[in-house]
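Peer 1: Quick one: this structure, given as structure tokens, is what I'll be asking you about.
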Amino acid sequence: FVISSLLVMVVGIGSGMVAYYVGFPAGAFSSPGGPEELQYIPHDAALIAYADVRHIMTSELRQRIRRAIPAEENGQQEFERRTGINIEADIDHVVAAFESGAAGGPGPGSALVLARGTFNEVTIEALMREHGAQVGQYKGKRLIEAAVEKPVAPNTPRPENAPKPQDLTVAFLKPGLVALGSSLLVRRAIDLENGGDSAVNNEEVMTLVRSLDSGDAWAVGRFDMLRAAAKLPQGIGELPPITWFSATGTVNDGINAVLSAEAGTDEAAKNLRDVIQGFVALANLQAGSKPELKAVVQSLELSGTGKRVALRFSVPGRVLDLMTPAALPKPESQPAQ
């Protein structure tokens with residue numbers, strides 16, 4: 001379950017980021033120092049992620065996932081209906097950022113996605129206007145702003161204390177590059193276009209980004225900031241103190257991934273390695289009767305020295321084939337009474 005969750009985090013950034021915002025969206029790097037979109041990301045972003053959407057969407061891995069876990073893509077369809085942007089056809093890659101702090105921690109109210117691809121600006125503006133969006137200007141850029149509510153089932157009563165709709169702002173920064181997210185962060189991205197205190201000036205972030213530049217999807221962030229601002233699951237919150245974390249994955253027929261963390265002290269890193277080693281040992285015991293997990297567990301490789309901890313693993317495509325409904329064991333029928 002843990003491995004699958006981490007896999008979804010790495011691979012799913014391409015499509016899940018868009019769905020997270022409205023039911024939010026990713027190509028290779030343009031420079032050795034990471035994608036050029038980093039110049040639009042604030043210096044103090046708590047989390048930065050990248051995904052090569054074009055490659056991921058057309059990969060054999062995604063086709064296997066769709067066969068193994070059929071699901072309705074309502075969020076993706078709703079996003080296209082409201083904005084005119086087709087995640088699979090229009091987007092080459094995305095760079096996303098989340099802030100923590102006054103906005104209430106990482107989430108829709110503090111999110112920014114920079115999508116590069118082919119977009120019909122006239123169609124997008126017209127569709128958003130139909131859904132009540134307002135058009136304005138900021139430093140020469142055209143802003144399309146709309147309030148967005150999370151979709152709910154028909155006839156579902158709205159609680160009195162339900163959160164207010166979040167704002168979704170769309171701005172075309174340059175041909176083929178669109179910014180989507182909270183009004184505050186879209187405006188900050190425009191401010192940073194001609195220079196300023198962006199992620200490019202954060203040497204700690206750029207050092208991590210350079211180490212991940214061969215991945216089809218990656219994420220880097222300040223775990224201590226996320227832990228302080230977000231409501232993390234209890235087990236995650238009880239991990240030894242972690243400062244930075246990163247995740248990267250290379251997608252083909254399967255996925256090769258590396259999860260890394262930098263602890264606050266050597267002792268904390270040692271404790272974290274002990275925790276992971278215990279998890280690996282438990283996973284080996286559990287995999288004995290589950291052939292669909294055995295190949296993944298055997299690929300687990302723990303490494304790191306000093307404050308650094310890394311866990312490398314691979315998920316072969318055939319593992320997903322074993323997880324299809326047809327491959328899973330059928331429940332035994334109950335005898336007739």
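The values are calculated or read from the model by the stated rules, or taken from the named source; none is laboratory data. Predicted model, so just to flag it, every value in this text is computed and none were measured. Cβ: placed from backbone, ideal geometry, glycine included. Neighbour counts: every protein chain shown. The accessibility values were calculated without ligands, DNA or RNA, using every heavy atom of the protein model including side chains. Shrake-Rupley method; radii C 1.70, N 1.55, O 1.52, S 1.80 Å.
Peer 1: Given LEU272, LEU282, LEU293, which one is assigned to a helix (DSSP H, G or I), within 20 Å of THR243 (Cβ to Cβ) and at pLDDT below 90?
Peer 2: Exactly one of LEU272, LEU282, LEU293 is assigned to a helix (DSSP H, G or I), within 20 Å of THR243 (Cβ to Cβ) and at pLDDT below 90, namely LEU272.
Peer 1: Let me ask something else. Mind listing just one residue for me: the one in the stretch 301-317 that is more than 21 Å from PHE223 (Cβ to Cβ) and touching a Lys or Arg at 6+ places or on another chain (Cβ under 9 Å) and, of those, least open to solvent (accessible area, probe 1.4 Å)?
Peer 2: Filtering first and then ranking leaves GLY317.
Peer 1: Sticking with this one: Is there a residue in the stretch 258-269 that is open to solvent by 30 Å² or more (accessible area, probe 1.4 Å), closer than 25 Å to LEU212 by Cα, in contact with a Gly (Cβ under 6 Å, 6 or more places away or on another chain) and modelled with pLDDT under 90?
Peer 2: The answer is no; no qualifying residue exists.
Peer 1: Something else now. Being outside any loop (DSSP other than H, G, I, E, B), at pLDDT 85 or above, of a type in the set (A, V, I, L, M) and at negative phi is true for just one of MET225, MET206. Which residue is that?
Peer 2: Just a single option satisfies the conditions, and that option is MET206.
Peer 1: Next up: Looking only at helices (runs of 4 or more DSSP H) that lie completely in the stretch 47-151, which have at least 3 residues being open to solvent by 40 Å² or more (accessible area, probe 1.4 Å) and modelled with pLDDT of 85 or more? Break it down into steps so the answer makes sense when it comes.
Peer 2: Values: elements: 53-58, 60-68, 74-83, 87-90, 121-130.
Because the criterion is at least 3 residues that are open to solvent by 40 Å² or more (accessible area, probe 1.4 Å) and modelled with pLDDT of 85 or more, the helices (runs of 4 or more DSSP H) in the stretch 47-151 that meet it are 53-58, 121-130.
Peer 1: Suppose we keep only residues that are aliphatic (A, V, I, L, M) and in a helix (DSSP H, G or I) within the stretch 253-269. Which one would you say is farthest from LYS307 (Cα to Cα)?
Peer 2: Once the filter is applied, the top-ranked residue is ALA268.
Peer 1: May I pose another question? Output the qualifying pairs, or none if there are none: Cβ atoms under 6 angstrom, residues six or more apart or on different chains, first residue in the stretch 40-55 and within 10 Å of VAL205 (Cβ to Cβ), second residue open to solvent by 30 Å² or more (accessible area, probe 1.4 Å) and not hydrophobic (A, V, I, L, M, F, W, C).
Peer 2: That search, which allows pairs on different chains as well, returns HIS43/ASP197; HIS43/ASN201.
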